[in-house]
Amino acid sequence: MRTDRVSAVLELEDGRIFPGSLIGPTDVVGEVVFTTAMTGYGEIATDASYAGQIVVMTFPEIGVYGVDPGNLEAARPTLRGLVVRSLQEEPSHATSQLGIVPFLQEAGVPILSDVDTRALTRHLRKAGTMAGRIALAAGGAVPATSCQLVREMATPRSYWFSREGDGPVVAVLDFGLKSDILRQLQAAGARVFVVSPDAPLAEIEGAGARGVVLSNGPGDPALMPEFAEKARQVADHWPTLGICLGHQLLALGYGGKTFKLPFGHRGANHPVGHGEGRPGEVTSQNHGYAVAEESLLGTPLVVTERHLNDGTVEGLRHTGRPVFSVQYHPEAGPGPWEARDTLRRFVASLGGVA
Amino acid sequence: MGRQGLPRKVLVIGSGPIVIGQAAEFDYAGTQACQSLREEGVEVVLVNSNPATIMTDPGIADRVYLEPLLPEYLERIIARERPDGLLPTLGGQVGLNLAVQLEESGVLARHGVRLLGTGVAAIKRAEDREAFRALMLELGEPIPRSRTVESIADGVGFAREVGYPVIVRPAYTLGGTGGGIAPDESELEAVLARGLALSPIHQCLVEESIQGWKEVEYEVMRDRLDQAITVCNMENIDPVGVHTGDSIVVAPSLTLTDRDYQVLRSAALRIIRALGVEGGCNVQFGLHPVTGEYRVIEVNPRVSRSSALASKATGYPIAKIAAKLALGLTLDELRNPVTGRTSALFEPALDYVVVKIPRWPFDKFAQADRRLGTQMQATGEVMAIGRTLRAAILKAVRSLEIGTYHLQLKELKGKSDEELTALSQTPDDRRLFAVAELMRRGHAIEELRRLTEIDRHFLREIARIVALERELAARPGDVELLRAAKRDGFSDRVIAELWAREAADVRRLRQEHGIVPTYKMVDTCAAEFDAETPYYYSTYEMEDEAPVPEGERSVLVLGSGPIRIGQGIEFDCSAVHALGALRGAGLRSIMINSNPETVSTDWTQSDRLYFEPLGFEDVQEIAERERVAGVLVQFGGQTAINLASSLQEAGIPILGTQAQGIDAAEDRRQFDALLQRLDLRRPRGETVLDADAALKVAGEIGYPVLVRPSFVLGGRAMEICYGPDELGEYLERAAGAMPGRPILVDQYLPGLELEVDAVADGEDVLVGGIMQHIERAGVHSGDSIAVYPAPGIDGRMEAEICEATRRLALGLETRGLLNVQFVAYEGQLYVIEANPRASRTLPYLMKVAGVPLAAIATQVALGRSLRQQGITPGLWPKSPHVGIKCPVFSWAKLRRVDATLGPEMKSTGEVLGIDPEFSQALMKAFAAAGYRVPERPRVLLTIADRDKEEVLPLAADLYRAGARLYGTRGTAAALRAAGVEVEEVPKIGEAAPDILERIRSGDIDLVVNTFTQGRSPQRDGFQIRRTAVEHGVPCVTSLDTAQAMLGVMAKPRSMEVRALQDYFAADLP
C-alpha cells in the first residue's frame, strides 16, 4: 500500500533546493518552519497557528500511528504543506481512523517526503525562516506569504462549544484556536463560548462570560492592530488569559512591541523559568514572533516567565487587573502537560456558579 | 562543606564486577560522575573492586580504592577518608544496596557522612515491593495486581485468584535474577523456590501477567527544586514478557501517539516527584495496545543500563547531570553540555531512530536455555543510529558480530516453517531473524502479529527490508535500487550477495553514482541549535555535516563492540587509554564503536566519535574520509584484530603490529614454525581435519589432550579430554557445529600457568609483569585467578620468561602490545599462545604494577621507540604489593549452563584484591568476588576419581581447621580411608534428604566438585553445581581454587584499606 509519489522539490526564497517525493498538489507556497516535536503530527497538522506555513518535521518517521479525529486541534488540516524524511502510510494504532496521507490529501495539502529534513532545518536555523514553494521543479519565483490568515482560520460566527453544567462561562476569542483549549476549559468545569474575532464585544457580554481567553493563531501580530486593540478592550473588562498570539496581541494592545524570532520556537521541549525560586518547566511552543521585553516599560504589563534558552518573554501579568498571558501552549496538543494547570487555575479563579 | 555549600569530599561507590544485568554502563556513568563532581571542585573518593574499568584509573578520582564492595571495607574507607557526602545512585544495584546498608547500620551517621541526591527513603520506596505498591496506590498509578510472598504456598494461592500465567520477581536481585514467568502451578513452584532462595530478604512478588502489552520506558531527572524532565523514552519491539535488558529497543517510541506519550510521561514525572528522587530515575510501563490503559512495571531510582542507553541515544549526559543535581545544583542553572548555550532543563529532540539489540552469550554456552523471559541473560548490547528504523535495525544487526551482516541467520535457513513459527512464538535470541525468515517464505504480517504480539509497524518495516532484498535480487546493478538499499541500511556485502558480485564491485558502482555515506551529528536538539558535539552516525542523505579538518594528523582507534564472554570491558578500558595517549601526543583521535554502555562511546573521550558498526565497510568509509594517518587495531580485542588484514589490503595503514604479525601469531602452522625457529618449546600438538586423525594424534601425544577449533575467542568450544571416549564425544559435538573446520589437538600439561603483557618496538621489549594463575593450565586464563607478581617462580624462570617474550615479540615483529601465555611444567617453560594485542589482563596489570602499557604501546605504534620514551627494556620493576584478579561468573542468570571451570571461558567479569600481603590480597579478592565462606564452613566434597588422591591432604587440612565435611559415597569412602571424618550424603534421589535438598536447605557453605566429562544436564555433578549456584552457595570446581580459598580461610583478616595512590609514589596511567 503506497500512494504514487512524484519527484519534486522544496525551493526556498534564497534559492536553496531540497529534493523529495511528492504526494498532493504542486506549486504550493508558504513560510517554511520546522518543529522539533517528536510526536503529534496530527495535532500539528490541524493547529491553526501553522496556517500559511509549510511545516518541516525534524522527527524522521511520520505517519506510524495514523490520525485520531478525537485528538486533533481542528477538524481539518490547517497547514499549507508538510515536509518529512520518511513517510509511513500504513497506520498502526488502535485509535487511528485513517492514515496521514488520505487525511492531508482530502484537504489538498501536499506532503513532500524523502527530504533531508536535517539539512533543511540546519539551513533554516542559520538563515532564518523564509518563504518556500513545493513544486515539481525549481525555478519559479517564491512570493512572500499573505497575512490575512486569522480570518481564514477563525470562526466567522460565534458559537457555544459547551453549555452544560453550572460552571463559569469563558469566552474564547478565536484567532485560530486549538480545540484542546476548548476541551480543557470544558474539562476544568467552564461553559465555553467561542467568539469570532470580528464579533462585537457585546457578544461576550451577552454570553455572560466571567472571563476571556485570547486564543493562539497564525501570522505576524504587528500586522493586526485591530485585534490588538480588541485584546486590550477585553482585558480592561474581563479577567483575561492570553495564549500565544493572544499573548502577543495583549502586549501590543497595551503599547508593547513584538519582533520576529530568527527561526521561531516550535517543539515540545521548550524550557520556561518563572524566576523567584519557582520551578521551571518544559512547555509546548509554536510561535515565530515574541514580545520585546524592553517595549513593556511604561505599560501595565510585567514579565512573569522567560525562555531558559534565549531569555525571551514567555509570560506576562497585568499589574492592576486579573490579566495574564503565556507565549507557550498550556493546552499542549502536542507536547508536555505540565502547564495544563494554567487553564484549570484560570477557570477556578473565575469563581463557582454563575 | 566547601564552595557554595557544596560537599567538600564525596565518596562514590562503583558497581563492582561485570555480571549479567550489571555491566559496563556503570563504568561509563561512574567515570562521568567523578569528572562531573571534580568540575565543581569536589574531592572524589571512589571505591570499586573492578580493575578493568576506567573509573578506577587513578586519574579519574582523587582517591581510588580497589577494595571489596562490602560494608566492613566501606566503613574502613570512610573512617580513613572522612568524606562528608556519599553518592549512592551511580553504582547500580550493588552501590545502591551498599549505601542503604551503610545508612541503616548507622555508619554514615557515625562518621558524619550525608547521602547526596536521592535519599534512602526514596530508594526504599522504589525498591521495596510493598512500599512501592503503597505509593502507586496513593498516587492512583495503576500497577499489575500482585502479592508479595515469602512462601511457595502463598504464591500458589494468589495465582489461583488472578489466573495463569503469573510473573515472579524476587526482591532486591540484579537484573531480575531468579525470576520468571510461570504458565502453570508446577512451574510456579519451581520458580518461586529459586526466587525466594536468591532474594536476600526471601521475598518474591507474584504478579498478574501483562504479557503482550507494549513495553515503554522513560528516563526521568529531577532536582531539589522539583524541576523534572524526561530525557528520553524508549519502546521495546519485544512486548512485555521479555526482560527489558533482553529486549530489542527503539528510541524514541515510534508507535505511541502524542496522547500515549504524554500520558506515560506525566505518570513518570508524578512518580519521580512523589519519590523525591534528586538525580536520574527510570520508569517502566506496560501500555495496552488497544485500550490504551497502562501499568507501572518498575522504577529504578538511579542511573541504569537504560540511562546509559538514553545518554548515548540522545547525547544528553545523564550521569554527569545527575551527579550535579545530587550536589544540590539545579537543572535551570545548568547548561546543556552538548550545545554549551541552551538550558539543561529541556528534553532532547531526536531526528533519527536508535535501535538497541542485546548480545547474548549462547554462542558460548551450547547447553544454555536460550528462551528469553523475565530474567536477563544478555552480557552486552549494541546500538545503532539511522534516519529510519530500517537503517537502524540493519546497522544494529551488523554490529552484533554473530556471523551475519544482514537480518538473516544462516542457521535458520535450514529450519522448517514450524520450527521458525515456534521460535517466533516463544522468543529466544533469534526471534528477530526467525520473523524475517518467515517473511521471506511468504508468511503474512497478521500471522506474525498473532505469533509474536510485536506491533504491526515493526513487522511491516521488517517486511519492507525483506521486500527490498527481493527487488534487489530481481534487478542486479539497478542504481536506484542500490540507492534505496543504502538508505535503508543494507551493507555492500549483502547487496553483492544478492547480485552475485563482489562487495568491492558494489562499492565501486555506488561511488560512481555518488552514493556515499553522509555523517550527521547527535546534538540533543534536532539541529535547532548550533552544537559542537563530535558525535556522528552515518546515513545516506543530501548533506554531510562532519567536515574533516585540514592539516591535522588523525588516528583511528577501533573499539571492541558489544560485551560478550571473552571480550569484556577490559578492551574498552585499554582503548580509552589509547585515545588519551593520542591526545597526549598531539594527534586527533577518532573512535568507532557500537557499544552504548562504554566509556569509549562517551563523546568527550575522543576528538571525534563515530557510533557505527565495526564492519569492514563501515570502518573503511570512515578511515578514508578522515584520511587517517593510521588505524590502531590492537586495543579493540578480536573484533578489531579481525579487520586488520582487510584494512591493510584496502591501503589503510595499520599502526603498530601489521596484519602479517597478527596472522603469524594466530595461524597455528606459522606460529609453530616460528617457535621452532626461535627455539621455544610448546606442547606437542597437531591440526587435524577429521575425527579419525584427531584420535590418532591424541594416541601419539598421550592423554589428556586439549582439543579446540582453530581461530578461537575466549577458548570457545575448547575441552580437555582424558581418553578416547571423551575425545570421540567431543568430536561428534564439535564437528556438528563446525563441519570441515580444522581442530587442534594438543598435549595437555597440568603445570603452572603464567602470563605476561609486554610492549615491543622491534628492537626492545618491555615486560610489564609476570602473572601467575592459581588454577593449573587447562582452566581458561580468563577464568583463572591471577596473581601479580608471580609468587611461584624463581629468578631463573623469570629471566627465561622475559627472554622468551623478547624473542617472540621480535619474531612476530610486534610493534605494540603482546600478551603471552606460558606453562611451566617440570622445570621447563612452554609457550601456549601469543596475542599481539591488548589482553584481558592489561588493565589489571597496568593498575597493580603501575605501568602505563597501553600508552607506551600507542607511542610505539606511532613510531616512538621504548628508548625514545625513556623506558628501560626488560622486566618492569616488580611491585612490593600483591594484586590478585579473581573472575566472577553469572551462573545464576544462565539456565542450564554448567557451573564448572575448563578451557572454555565462562566468566563475565573480574575483581581485584590488592594488599601488601599475599594472603590478605587473596582474601580480599574472594570477598570481592562474593565468596562468603565462614571460618568453620560446612563443605560438600564430590570429587572425580582421578582427583581423589589429590584432595586428601586438602580435606585433612580442612578437617583440622574445624570444617565440617560432607561427601557423596565414593568421596566419603576415600576420605574415611584416609582417616578424615566425613558425613555421607545420599546421591540424587537415593534417599531423603538427598544432596540437592541439603544444598537447597542451606546446610552447605561451600561445594567443591571436580568435573567429570560429558555435559548432559542429567549427570549428578551438573545438577549439584547448578543447585549450588542457583541457591547462592559458592561452588568451586578446581582443586587449586579450593586450596587457595581454604588456605586463607582460617587466617585473620587485617582489613587494611589503601587507595591506589598510596601504593605508588609516581604517577599512574
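Within segment A:32-81, take every residue that is of a type in the set (G, A, S) and in a loop (DSSP other than H, G, I, E, B) and give me the one that is nearest to the other protein chains (Cβ to nearest Cβ).
Per the criteria, the residue is A:G40.
A quick yes/no check of all residues on (1) more than 27 Å from B:I229 (Cβ to Cβ); (2) surrounded by fewer than 21 Cβ atoms within 10 Å (Cβ to Cβ); (3) of a type outside the set (S, T, Y):
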residue	(1), (2), (3)
A:G219	yes, no, yes
A:M224	yes, no, yes
A:P271	no, no, yes
A:R278	no, yes, yes
A:H287	no, no, yes
A:L297	yes, yes, yes
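Applying the selection to segment B:137-154, what residues are under 24 Å from B:Y294 (Cβ atoms) and either touching a strand residue (DSSP E or B) at 6+ places or on another chain (Cβ under 6 Å) or assigned to a loop (DSSP other than H, G, I, E, B) (or both)? Reasoning before the result, please.
Initially, segment B:137-154 is screened for residues under 24 Å from B:Y294 (Cβ atoms), giving B:137-148.
Scanning segment B:137-154 gives B:G140, B:E141, B:P142, B:I143, B:P144, B:R145, B:S146, B:R147, B:T148.
Could you identify the single residue in B:V631, B:V619 that is β-branched (V, I, T), assigned to a helix (DSSP H, G or I) and at pLDDT 95 or above? Give the derivation first.
On the way: B:V631 fails: assigned to a helix (DSSP H, G or I).
The match here is B:V619.
Give the residues of segment B:788-824 that are on the phi > 0 side of the Ramachandran plot and either surrounded by fewer than 18 Cβ atoms within 10 Å (Cβ to Cβ) or in contact with a Leu (Cβ under 7 Å, 6 or more places away or on another chain) (or both), sorted by residue number. Show your work before the answer.
Of segment B:788-824, the ones on the phi > 0 side of the Ramachandran plot are B:813, B:816.
Correct list: B:E813 only.
Looking at the structure I just gave you, is B:A790 farther than 15 Å from B:T805 by Cα and hydrophobic (A, V, I, L, M, F, W, C)? I'd like the intermediate steps shown before the answer.
Working: farther than 15 Å from B:T805 by Cα: yes; hydrophobic (A, V, I, L, M, F, W, C): yes.
Yes; evaluated as a whole, the condition is true for this residue.
If we keep just the residues of segment B:197-224 that are outside any loop (DSSP other than H, G, I, E, B) and touching a Phe, Trp or Tyr at 6+ places or on another chain (Cβ under 6 Å), which is nearest to A:G280 (Cα to Cα)?
Step one: filter segment B:197-224 for residues outside any loop (DSSP other than H, G, I, E, B), giving B:197-198, B:204-208, B:214-222.
With touching a Phe, Trp or Tyr at 6+ places or on another chain (Cβ under 6 Å) added as a condition, the list becomes B:206, B:216.
Values: B:V206: 40, B:V216: 26 Å.
Filtering segment B:197-224 for residues that are outside any loop (DSSP other than H, G, I, E, B) and touching a Phe, Trp or Tyr at 6+ places or on another chain (Cβ under 6 Å), the one nearest to A:G280 (Cα to Cα) comes out as B:V216.
Could you go through segment B:155-172 and let me know if any residue there is under 33 Å from the mean Cα position of the chain (by Cα) and part of a helix (DSSP H, G or I).
Here is the first cut: in segment B:155-172, the ones under 33 Å from the mean Cα position of the chain (by Cα) are B:165-172.
From the residues that got through so far, the ones that are part of a helix (DSSP H, G or I) too are none.
Within segment B:155-172, none of the residues are under 33 Å from the mean Cα position of the chain (by Cα) and part of a helix (DSSP H, G or I).
With A:I23, A:I54 as the choices, which residue is in contact (Cβ under 8 Å) with a residue 12 or more places away in the chain, surrounded by 21 or more Cβ atoms within 10 Å (Cβ to Cβ) and more than 23 Å from the chain's Cα centre (by Cα)? Spell out the reasoning first.
Details: A:I54 fails: more than 23 Å from the chain's Cα centre (by Cα).
After ruling out the rest, the residue left standing is A:I23.
May I ask you to list the residues in segment B:351-370 that are among the small types (G, A, S) and either in contact with a Phe, Trp or Tyr (Cβ under 7 Å, 6 or more places away or on another chain) or within 14 Å of another protein chain (Cβ to nearest Cβ) (or both)?
Listed by number, the list holds a single entry, B:A368.
For residues that are under 21 Å from the mean Cα position of the chain (by Cα) and assigned to a loop (DSSP other than H, G, I, E, B), scanning just segment B:603-616, find the one that is nearest to B:V506 (Cα to Cα).
Step by step, filter segment B:603-616, then rank; the result is B:G615.
Out of curiosity, is B:G106 touching a residue at least 40 places away in the same chain (Cβ under 8 Å) and not assigned by TED's automatic domain parsing to the domain that holds B:L327? Break it down stepwise before answering.
Working: touching a residue at least 40 places away in the same chain (Cβ under 8 Å): no; not assigned by TED's automatic domain parsing to the domain that holds B:L327: yes.
When the stated conditions are applied, B:G106 does not pass them.
Could you check how many residues of segment B:519-537 are closer than 21 Å to B:I393 by Cα, assigned to a loop (DSSP other than H, G, I, E, B) and more than 10 Å from chain A (Cβ to nearest Cβ)?
1
Out of the residues in segment A:251-283 that are of a type in the set (S, T, N, Q) and either in contact (Cβ under 8 Å) with a residue 40 or more places away in the chain or within 23 Å of A:T36 (Cα to Cα) (or both), state the one that is farthest from the other protein chains (Cβ to nearest Cβ). Break it down into steps so the answer makes sense when it comes.
Step one: filter segment A:251-283 for residues of a type in the set (S, T, N, Q), giving A:258, A:269, A:283.
Next, from what is left, pick out any that are either in contact (Cβ under 8 Å) with a residue 40 or more places away in the chain or within 23 Å of A:T36 (Cα to Cα) (or both): A:269, A:283.
Values: A:N269: 4, A:T283: 10 Å.
Top of the filtered list is A:T283.
Given segment B:389-436, what helices (runs of 4 or more DSSP H) lie entirely inside it while holding 2 or more residues that are touching a Gly at 6+ places or on another chain (Cβ under 6 Å)? So that I can check it myself, show each step before the final result.
Numbers: elements: B:389-399, B:410-413, B:417-425.
Because the criterion is at least 2 residues that are touching a Gly at 6+ places or on another chain (Cβ under 6 Å), the helices (runs of 4 or more DSSP H) in segment B:389-436 that meet it are B:389-399.
For B:L614, state whether it is in contact with a helix residue (DSSP H, G or I) (Cβ under 9 Å, 6 or more places away or on another chain), within 20 Å of B:A861 (Cα to Cα) and either without any contact (Cβ under 8 Å) to a residue 60 or more places away in the chain or not assigned by TED's automatic domain parsing to the domain that holds B:T31 (or both).
Values: in contact with a helix residue (DSSP H, G or I) (Cβ under 9 Å, 6 or more places away or on another chain): yes; within 20 Å of B:A861 (Cα to Cα): no; either without any contact (Cβ under 8 Å) to a residue 60 or more places away in the chain or not assigned by TED's automatic domain parsing to the domain that holds B:T31 (or both): yes.
Considered against the rule, which asks whether it is in contact with a helix residue (DSSP H, G or I) (Cβ under 9 Å, 6 or more places away or on another chain), within 20 Å of B:A861 (Cα to Cα) and either without any contact (Cβ under 8 Å) to a residue 60 or more places away in the chain or not assigned by TED's automatic domain parsing to the domain that holds B:T31 (or both), B:L614 comes out as no.
Only residues that are within 16 Å of A:A188 (Cα to Cα), aliphatic (A, V, I, L, M) and within 14 Å of another protein chain (Cβ to nearest Cβ): list them for segment A:302-349, please.
A:A332, A:A339, listed by residue number.
Mind checking which residues of segment B:819-834 are in contact with a strand residue (DSSP E or B) (Cβ under 7 Å, 6 or more places away or on another chain) and either at pLDDT below 95 or under 19 Å from B:R684 (Cα atoms) (or both)?
Going through segment B:819-834, the residues in contact with a strand residue (DSSP E or B) (Cβ under 7 Å, 6 or more places away or on another chain) turn out to be B:819-824, B:829-834.
Those that are in contact with a strand residue (DSSP E or B) (Cβ under 7 Å, 6 or more places away or on another chain) and either at pLDDT below 95 or under 19 Å from B:R684 (Cα atoms) (or both): B:V820, B:Q821, B:F822, B:V823, B:A824, B:L829, B:Y830, B:V831, B:I832, B:E833, B:A834.
Every residue in segment B:932-956 that is assigned to a helix (DSSP H, G or I), of a type outside the set (V, I, T) and touching a residue at least 60 places away in the same chain (Cβ under 8 Å), please. Let's see the steps before the verdict.
Just the residues of segment B:932-956 that are assigned to a helix (DSSP H, G or I), to begin with: B:945-956.
In the following step, the residues that additionally are of a type outside the set (V, I, T) were identified as B:945-950, B:952-956.
Across segment B:932-956, the qualifying residues are B:R946, B:D947, B:E950, B:L954.
In segment B:303-335, which residues are assigned to a helix (DSSP H, G or I), of a type outside the set (G, A, S) and under 18 Å from the mean Cα position of the chain (by Cα)?
B:R305, B:L309, B:K312
Take the residues in segment B:530-559 that are within 20 Å of A:L120 (Cα to Cα) and hydrophobic (A, V, I, L, M, F, W, C); name whichever of them is surrounded by the most Cβ atoms within 10 Å (Cβ to Cβ).
Of everything passing the filter in segment B:530-559, B:A531 is surrounded by the most Cβ atoms within 10 Å (Cβ to Cβ).
Which residue pairs have Cβ atoms under 8 Å apart, sit 6 or more places apart or on different chains, and have a first residue in segment B:752-771 that is outside the structural domain of B:Q821 (by TED's automatic domain parsing) and in contact (Cβ under 8 Å) with a residue 24 or more places away in the chain and a second that is among the hydroxyl-bearing types (S, T, Y) and surrounded by 24 or more Cβ atoms within 10 Å (Cβ to Cβ)?
none
What is the residue count in segment A:310-333 for residues that are surrounded by fewer than 24 Cβ atoms within 10 Å (Cβ to Cβ) and acidic (D, E)?
1
Of all residues in segment B:498-518, count the ones that are away from every other protein chain (no Cβ under 11 Å) and either β-branched (V, I, T) or touching a residue at least 24 places away in the same chain (Cβ under 8 Å) (or both).
In the first step, residues of segment B:498-518 are kept if they are away from every other protein chain (no Cβ under 11 Å); the result is B:498-517.
Keeping just the survivors that are either β-branched (V, I, T) or touching a residue at least 24 places away in the same chain (Cβ under 8 Å) (or both) gives B:498-501, B:503, B:506-507, B:509-510, B:513, B:515-517.
Count: 13.
Looking only at segment B:261-305, which residues are within 8 Å of chain A (Cβ to nearest Cβ) and either buried (at least 24 other Cβ atoms within 10 Å of the Cβ) or free of Cβ contacts under 8 Å to residues at least 60 places away in the same chain (or both)?
First pass over segment B:261-305, keeping only residues within 8 Å of chain A (Cβ to nearest Cβ): B:261-262, B:265-266, B:269, B:289-292.
Correct list: B:Y261, B:Q262, B:R265, B:S266, B:L269, B:V290, B:T291, B:G292.
What's the total number of residues in segment B:337-348 that are at the interface with chain A (Cβ under 9 Å from one of its Cβ atoms) and more than 30 Å from the chain's Cα centre (by Cα)? Break it down stepwise before answering.
Initial filter on segment B:337-348 (at the interface with chain A (Cβ under 9 Å from one of its Cβ atoms)): B:339, B:341-348.
With more than 30 Å from the chain's Cα centre (by Cα) added as a condition, the list becomes B:339, B:341-346.
Count: 7.
The values are calculated or read from the model by the stated rules, or taken from the named source; none is laboratory data. From a predicted model like this one, the values you see are computed outputs, not experimental measurements. Cβ atoms come from the backbone with ideal geometry, glycine included; neighbour counts cover every protein chain shown.
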